[in-house]
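To start, the structure itself, in structure tokens.
The values are calculated or read from the model by the stated rules, or taken from the named source; none is laboratory data. Note that the structure is a prediction, hence the values are computed from the model and not measured. No Cβ is skipped: glycine too gets one built from the backbone with ideal geometry, and neighbour counts run over all protein chains shown.
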Amino acid sequence: MARVLITGGSSYLGQHLTPLAQNEHEVCYTYFNQDVLALPGGIQLDVRQETAVARLIATFRPQVIIHTVGSNRGTDVRGVIETGTRHVVQAAQATQARLIHISTDSIFNGRTDDPHPPPYDENAPPSPVNEYGRAKAAAEAIVRQHLNHVIIRTSLIYGRRVIDHGTAWMARALQAGQPVTLFSNQIRNPVWVHTLSLACLELINHPYTGTLNVAGEQILSRAEFSLKMLDYWGIQPRHTLTIGPSQNAAWPLDCRLKLNLARQLLRTPLPGVDEVLSPMSTR
Ligand SMILES: NC(=O)c1ccc[n+]([C@@H]2O[C@H](COP(=O)([O-])OP(=O)(O)OC[C@H]3O[C@@H](n4cnc5c(N)ncnc54)[C@H](OP(=O)(O)O)[C@@H]3O)[C@@H](O)[C@H]2O)c1
């Protein structure tokens, strides 16, 4: 049993990860606006407040910090991701905690004509094309200053019990009769929230340090993935739905992640979307 701090227990990932972590560890988790979990161990925290982060970590003295805060949602993406991560890293260094940091495939441009084209292994250099990608790449660089770290680069997160952010957005737009375009030229390996949570838990007591790609084995365009999710959640109507290539240079294209290292290091299986969503699934 370890003392584990989960930043962003109220995130989509954190809501699944935190109760699983509590089965095995002494857990403190943070929320910012709302404690949707309402479990023992929840504490309000703004990661941009240096003193508050330092105080929490000095008091709880986690052996491991799983830093999930830093998504592409909210009004201060750069401040939360960069400044917030700096504060967490400083506090991890001060208390010698192991830091598991959640990053993203959106640090890449996904261009096949790039000198470092996809699929990306753990040594691929970031090539971000938008503010979120730039902030997450900067956060990775900050995390690397702390020796005992794992940077998990992951892809679109989805679940079977709670609708993911992207599908929820599509559902709202479709039900309001608004146009929705599903992009056929953005390629991803979507990851089941349970897979990512198990990988985080496995890495708590794992000797590995460095960057690790953790995603699903099945490679899909965002359009293919979105249709599977719309079907799974039974979302209608779809008459305002179109499929086509994204022309927006601020969206990464083919962000496939190579998973050889995770297959080698982890016991956690990395099932693809069809396997996870199958009614016959035994997982
Ligand atoms: N979702 C994806 O498809 C995806 C894909 C690749 C990588 N990732 C990475 O996975 C991680 C989790 O993503 P997610 O989508 O699960 O996150 P999310 O649902 O958008 O949740 C964001 C979290 O950050 C917290 N937060 C916001 N501002 C904060 C602040 N100033 N101080 C402290 N906490 C703050 C929120 O707290 P409240 O809700 O309480 O306000 C919430 O817990 C992120 O690092 C993201 O980059 C996500």
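Candidates Arg188, Arg172: the one that is under 16 Å from the mean Cα position of the chain (by Cα) and basic (Lys, Arg) is Arg188. Within segment 9-50, the set of residues being under 18 Å from Thr83 (Cα atoms), without any contact (Cβ under 8 Å) to a residue 40 or more places away in the chain and of a type in the set (A, V, I, L, M, F, W, C) comprises Phe32, Leu45.
Those residues that are in contact with a helix residue (DSSP H, G or I) (Cβ under 8 Å, 6 or more places away or on another chain) and either acidic (Asp, Glu) or more than 16 Å from the ligand (Cβ to nearest atom) (or both), I need them from segment 94-126; list them, please. Those that are in contact with a helix residue (DSSP H, G or I) (Cβ under 8 Å, 6 or more places away or on another chain) and either acidic (Asp, Glu) or more than 16 Å from the ligand (Cβ to nearest atom) (or both): Ala94, Thr95, Ala97, Arg98, Asp121, Glu122.
Given the condition in a helix (DSSP H, G or I), out of contact with any helix residue (DSSP H, G or I) (no Cβ under 7 Å at 6 or more places or on another chain) and surrounded by fewer than 17 Cβ atoms within 10 Å (Cβ to Cβ), answer yes or no: does some residue in segment 232-252 qualify? For segment 232-252, residues in a helix (DSSP H, G or I), out of contact with any helix residue (DSSP H, G or I) (no Cβ under 7 Å at 6 or more places or on another chain) and surrounded by fewer than 17 Cβ atoms within 10 Å (Cβ to Cβ): absent. Is it the case that some residue within segment 120-133 is among the β-branched types (Val, Ile, Thr) and closer than 20 Å to Leu196 by Cβ? Looking through segment 120-133, none of the residues is among the β-branched types (Val, Ile, Thr) and closer than 20 Å to Leu196 by Cβ.
For Thr75, the criteria (1) within 15 Å of the ligand (Cβ to nearest atom); (2) modelled with pLDDT of 95 or more; (3) more than 26 Å from Gly216 (Cα to Cα); (4) surrounded by fewer than 19 Cβ atoms within 10 Å (Cβ to Cβ) hold in every case but one, which is (2).
Restricting Leu220, Leu227, Leu201 to residues that are under 23 Å from Glu24 (Cα atoms), surrounded by 16 or more Cβ atoms within 10 Å (Cβ to Cβ) and either touching a residue at least 60 places away in the same chain (Cβ under 8 Å) or not small (Gly, Ala, Ser) (or both) narrows the list to Leu201.
Quick check on segment 56-68. Is at least one of its residues of a type in the set (Gly, Ala, Ser) and either near the ligand (Cβ under 10 Å from one of its atoms) or touching a Gly at 6+ places or on another chain (Cβ under 8 Å) (or both)? There is no residue in segment 56-68 that is of a type in the set (Gly, Ala, Ser) and either near the ligand (Cβ under 10 Å from one of its atoms) or touching a Gly at 6+ places or on another chain (Cβ under 8 Å) (or both).
Residues checked against (1) over 27 Å from Gly74 (Cβ atoms); (2) aromatic (Phe, Trp, Tyr); (3) crowded, with 19+ Cβ neighbours inside 10 Å:
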site	(1), (2), (3)
Asn109	no, no, yes
Glu122	yes, no, no
Pro125	no, no, no
Tyr132	no, yes, yes
Asn148	yes, no, no
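Scoring Leu45 on the criteria (1) at pLDDT 95 or above; (2) under 18 Å from the mean Cα position of the chain (by Cα); (3) more than 22 Å from Ala262 (Cβ to Cβ); (4) near the ligand (Cβ under 7 Å from one of its atoms) leaves a single failure, condition (2).
Every test in (1) touching a strand residue (DSSP E or B) at 6+ places or on another chain (Cβ under 9 Å); (2) among the hydrophobic types (A, V, I, L, M, F, W, C); (3) surrounded by fewer than 16 Cβ atoms within 10 Å (Cβ to Cβ) is passed by Val64 save one, and that test is (3).
So is Val53 farther than 22 Å from Val214 by Cα, more than 7 Å from the ligand (Cβ to nearest atom), touching a Lys or Arg at 6+ places or on another chain (Cβ under 9 Å) and among the β-branched types (Val, Ile, Thr) or not? The answer is no for Val53.
Among the residues of segment 16-33, those identified as out of contact with any Ser or Thr (no Cβ under 7 Å at 6 or more places or on another chain) and either surrounded by 22 or more Cβ atoms within 10 Å (Cβ to Cβ) or among the β-branched types (Val, Ile, Thr) (or both) are Thr18, Ala21, Cys28.
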